[in-house]
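Read the structure below first, then the notes.
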């Protein structure tokens, strides 16, 4: 149980990362690939937050002056993840707009068929 | 005159000519001739002004190195030789190039090549040597490509080999710098003295590849026939006369000025001695190209192959490291420059008047139409063969003499064989261009214009002058040899005064003049020849109607059939094969970029996995 | 508590696998949204309410909407040809 | 084949990652186990937690980190979103010119009215979230996203009532410039970019934390307008 | 002294202001990038003397370095930011008239932001901030590659984005591992602690960071996007991508490997990688028919050489690499810019269609020739000086391993010479294709001639007087090599 409590989040986040990577590697569909990137991004965010987590910690928010900072989880990864989430959604939006344009031009989203540029 | 002034004149001339070409064509031509002649003047004037006054650091800090120029006997000798041949070619170009396109480019590149070569010989350190070497290389490349068509291919061949050479040279030079912390030629000589023979050999190899490519020593020669035959004729003269001989300058500089005579002679053991191998390479370079030349029907290709072959003599002389041999090598360099330039100019003149024909099977009988060109050709091939009274005789004499006194009968035999081949092939050149029947279409051919005749006659004069009075250039060569630590030769104005190898051109000259007079006398005494028009020819007593003339085609056909299977340029074929294979590999390599994004991501992940795997397996960090 | 979190993680992984598996892109996107939602809840349990809010509104909400727009303007089904 | 190779490679990566956790202590949890968490040096997140309140007088340490300590990141991040919005518009620009405006089915009256009713409430909620970012969970991003979801609602429920692009552009520009201006005033006043130069007030009050609420409001507007712009562009409403 | 933070803040502000300005006037936005980059150039150059004395450490939010993000404007950073501003300025001038289609105003915004990203990457001292600016750079380049919305651009953009997104995901994992280990994000702080921890985890984080940054730096197996993106983007963007963006990636790798990790034992691996990249790039470029694709592959080759030189771990080696970054930036920008109008003129990107262009566009083709010669490394152009420095550094190490690699690498140079000189030959000595359409839109405006000409002049000038850049190279190399000094400057007050 203690193993689970220490590592379950790590297992979860790296599973997500690996599943995401696998999707990108194997699936030829552009939107599927973008889903893969999105999954990977979620996994990375989860990983970062987990890094800053302390067992039985409290959120890094003071609601009264008397609150003690000792048990608080690390706020920095959370700040980083906020940034990362926004960057992720930015990339995602751009990727999807590209996918729309690709579909306009090629009539397909199959990356194996979108090979005008090669060699 | 300081070397700096010479170089500034040279480079400024090249730039100004280009700009002048935008303004007016006469101004451009005038400036081109003026600056090339001015260079000859400047260099001639600076004769003898050697020593520390003329060692100039012109860039004190180029990436932490000093760039210096200097003038010494070796530099001066080569500089004047470069400048003269270039000036002659520029003068020759005036009418040869008239009406062609991009003349501003042509003249400025001509002068830039010239400037680059002058820079090479005047540079006092290897970095500026390399810089000027490269400037010369790329400007030459542009000039070779100037004629378009097959010239493009020739240019590519040239520049690729040249790049290989310069990469090797760069490695060699910088290895010297890494080893000794200086690139000053003067200081390197002392620094290198103590280093191991393996290192010296490495340096010689690295530099030797670069010089060998330029010099067209046998396995590295394949660019030369194409380039020489495809370049415009005045530039072919420069190319074959001087540019190729920059390799000679390089060899002299590295072998004798820097590494030093003693080290060179003791490099390697027994038969596998450095200068031994070099001389064998030289000998092979004499024989094979000369016989390939025999098979050529393109006048310029024929000359180009001779250019390679004659280079073998120079190597042969120079590699031995005896006073006589090196003197012969250097002397042969300038001699060869004079008559090969002459021959290229003659071919150029013929080409100019016949509308670009250089196929020997389609020419003939031009002797009366172009007498000056004929005379030039005659003198040129006399020099090439090495007939007495011409300078070629003297230098070849030196070289043979060296071979015999050093006891190398095989090498001497190969050199002789080379000379026979030369005689056969240049006779073909002379005959097929000027003797025999005149084809109908060349009836209207006129004499070469005066601006072509001047350089031709000038070179004829030089050939005879140095042939009769070899002391003039040999003095200068003596000066060079002094700086390299060779034992002095006993020179006279007429030749060599030392005991066994004495050579007195005065006597020979005298003998020849007498013989000539006797022959003339005999001919006068015999039946008077009756002059007939050239076209009026008879066979078996009846006149041959026009259109049924036998022109001299397929010279040496039986010989050709006999030897041609042995004389394929297998090296060239090998290079082509290798290039072909390499291109196949390149094409395969391109397939890495499949165009499928998933594959690219696969590469990324494999890279990551590889890094992790390496660490797991071998602990790379 | 830990059991609940483990359950969440497992649901998240299963949803991710489903997102990888579904041939209907719309289904895959919904699965993806589920992943985000689970992640958001996990963030909350990891004492990161800020991140949880951001993930819920951006990751689960907006992202899904954007995906659906894009699918709307291209095609809905993955072309099922054998990958090599 | 491809799957096999991919799985193999991912296995190696996974192995590598797995071995990462076998060694010394990792993360805040590890530091806490090793008993080093009280040292500021080990983990500077610690320092923010322990001193952040008095330094910035903002109850939400994350807000204080996002806007102040790591405000420069946030600037970059807002820029990224801006890039995405602009780039997306640029990429879809050509399409917009090609596309023929399609008449969408108007939504039913109930949905329409419901949306119009909900829209201001959603905006209000978003504004609340980003104004209170320094006190409670939430902030510029979350609030901005909520605002954007309001626009999404408008798009879904009230077809044909998109954003006015000029208005979006102005909002984007001005909020971004406001962020920069606040940061640059810090540079001018105290010699340090993003300096919290305003009086910080007392903690836990609405007007506390110095420039943090100001910047969060700017971020909120910027994120909201940019995400709104993205939705607007992607939804393909031809205008 | 001006604060280096203005190098980022001012262009950013101008970029934010463009949408409003664009509402006011259609013409104004075209000149904003010029103003922004001019400002950056002036500030960067004026900072250079200060940075040479000691790195300028700028804190944000008023807190001392480990507790807030800070910029470290060392010699290397300021040199690179000057280069970015210089090339950025020239390309911005070029872009005034070059950009004719698509969303022009948006192009200008993205253009500034891309350069801001690159400037941020070279100036920042915080590893997560490095990532953020990296994303600014990458995402704006994805958008710019595809901004015309044509089929090749969109395809290249999509592929670039996929790979870039994977790369940045990997970087983020690496940063997470680093943060978990050290609890800090300041590069100097990590560097100070890194020697105390020598574990597998550290290596894995390094591997993630190298792979992630390597995607943008176009190291061999990671560069599948590069030929597509560089060839499909508008020429002005290709110039920036090749001249600056990939260098920023390489800078990030160098910074991480040298300063943060001090990982000298993986340098031989990087050297091998560099040579492989060089060879692959040149080999692929050889057979290209598309001029921009050829230039893109040639960039890969040059990046390989830069990486190789960086991996030498000697002061001369790194200064050679930095010098090559400068010279390649100038030359490649010149080549792309020149080819941009050539492509407009002939309406085709085929090399064979560019035959005989020397007559029709004499200045452009002359400048192209200068750039090509410089890339090959022919004197007296700047490429020679930089390649020369690298070769000197390799031989200076005296290690057989590196010398062998160099010898292999020089083959790449020869291949490069072969294909570039073939193009130059085509320009001047091959007849123009018969059916070449005379596009009137290809008339080269003044705003294009100026940057191209200036780049050519710069290439020649620095080639003749390498001391102009040479003085900064030594300190720049030390900046990268000397970890303890870096840590002291940043941390020690």
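Summary table below
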| item | result |
| --- | --- |
| The stretch B:19-82-the stretch E:117-143 distance, computed between alpha-carbon centres (Å) | 51 |
| Percent RCO, i.e. relative contact order, over chain E, from Cα pairs under 8 Å lying at least 6 residues apart | 16 |
| Three-way shape label, the stretch D:149-211, alpha-carbon gyration tensor, a/c 1.5 | oblate |
| Ascending count of other beta-carbon atoms within 10 Å, so fewest first, for E:351, B:512 | B:512, E:351 |
| Hydrodynamic radius by Kirkwood, which averages 1/r over all alpha carbon pairs of the stretch B:276-523, in angstrom | 18.6 |
| Cα extents of chain B along the three principal axes, largest first (Å) | 100, 65, 56 |
| Residue E:100/residue B:148 FRET efficiency (R0 35 Å; Cβ-Cβ; nearest 0.05) | 0.50 |
| Fewest-first sequence of A:4, E:86 by Cβ atoms within 10 Å of each Cβ | A:4, E:86 |
| Cα-based equivalent ellipsoid of the stretch E:6-491: semi-axis lengths in Å, sorted from largest, via gyration tensor | 34, 26, 20 |
| Centre separation in Å (Cα based) which lies between the stretch E:355-415 and the stretch E:39-64 | 33 |
| Degrees separating the helix E:291-310 axis from the principal Cα axis of chain E, which is the longest one | 30 |
| Ranked B:45, E:225, B:397, B:618, criterion: other C-beta atoms within 10 Å, fewest first | B:618, B:45, B:397, E:225 |
| Prolate/oblate/rounded label for the stretch B:241-368 (Cα gyration tensor, a/c 1.5) | prolate |
| Cα-based Rg of the stretch B:574-618 normalised by 2.2 N^0.38 Å, two decimals | 1.73 |
| C-alpha long axis of helix B:597-618 to longest principal axis of chain B, angle in ° | 60 |
| Distance histogram for the stretch E:161-232 (every C-alpha pair counted, 5 angstrom bins, percent rounded to whole numbers) | 4, 17, 23, 21, 13, 11, 7, 4, 1, 0 |
| Convex hull volume per residue for the stretch E:220-331, taking Cα atoms only, in Å³ | 87 |
| Solution diffusion estimate, µm²/s, Stokes-Einstein, chain C, Kirkwood Rh from C-alpha pairs, 20 °C, viscosity 1.002 mPa s | 157 |
| Beta bridges by DSSP in the protein assembly as shown, antiparallel share as percent, to the nearest 5 | 95 |
| Inter-probe distance in nm under a simple model that places probes 7 Å from Cα toward Cβ, at residue E:468 and residue B:440 | 6.6 |
| Estimated distance in nm for a label pair at residue B:567 and residue B:431, the labels positioned 7 Å out from Cα along Cα-to-Cβ | 1.4 |
| FRET efficiency, residue D:107 to residue D:4 (Cβ-Cβ, R0 45 Å, nearest 0.05) | 0.35 |
| Peptide B:171-180, shielding by other chains (average Cβ, 10 Å cutoff) | 5 |
| Residue D:207 versus residue B:410: modelled label distance in nm, points set 7 Å from Cα along the beta carbon direction | 10.6 |
| Geometric extent, Cα atoms of the stretch D:60-235 - Rg, Dmax (angstrom) | 18.0, 57 |
| Rg/Rh for the protein assembly as shown, where both radii come from Cα atoms and Rh is the Kirkwood radius | 1.07 |
| Zone of residue D:15's modelled label, taken as backbone nitrogen in the stretch B:589-621 under 13 Å from a point 7 Å along Cα→Cβ | B:609-619 |
| Percentage of interatomic Cα-Cα distances in the stretch B:411-534 larger than 23 Å | 64 |
| Between 0 and 90°, nearest 10: helix E:151-182 axis offset from chain E longest Cα axis | 10 |
| C-alpha center-to-center spacing [the stretch B:601-615, the stretch E:327-354] in angstrom | 35 |
| Over chain B, relative contact order from alpha-carbon pairs under 8 Å, at least 6 apart, % | 12 |
| Three-way shape label, the stretch B:35-144, alpha-carbon gyration tensor, a/c 1.5 | oblate |
| FRET efficiency, 1/(1 + (r/R0)^6) with R0 25 Å, evaluated for residue B:359 and residue B:447 via beta carbons | 0.70 |
| Kirkwood estimate for chain A, i.e. one over the average of 1/r between Cα atoms, Å | 16.8 |
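Every read-out reported here was derived from the displayed coordinates using simple, explicitly stated rules and does not represent laboratory data. Being a predicted model, the structure only gives us computed values, none of them experimental. Quick reminder, even Gly has a Cβ in these numbers, built from the backbone with ideal geometry, and neighbours come from all protein chains shown.
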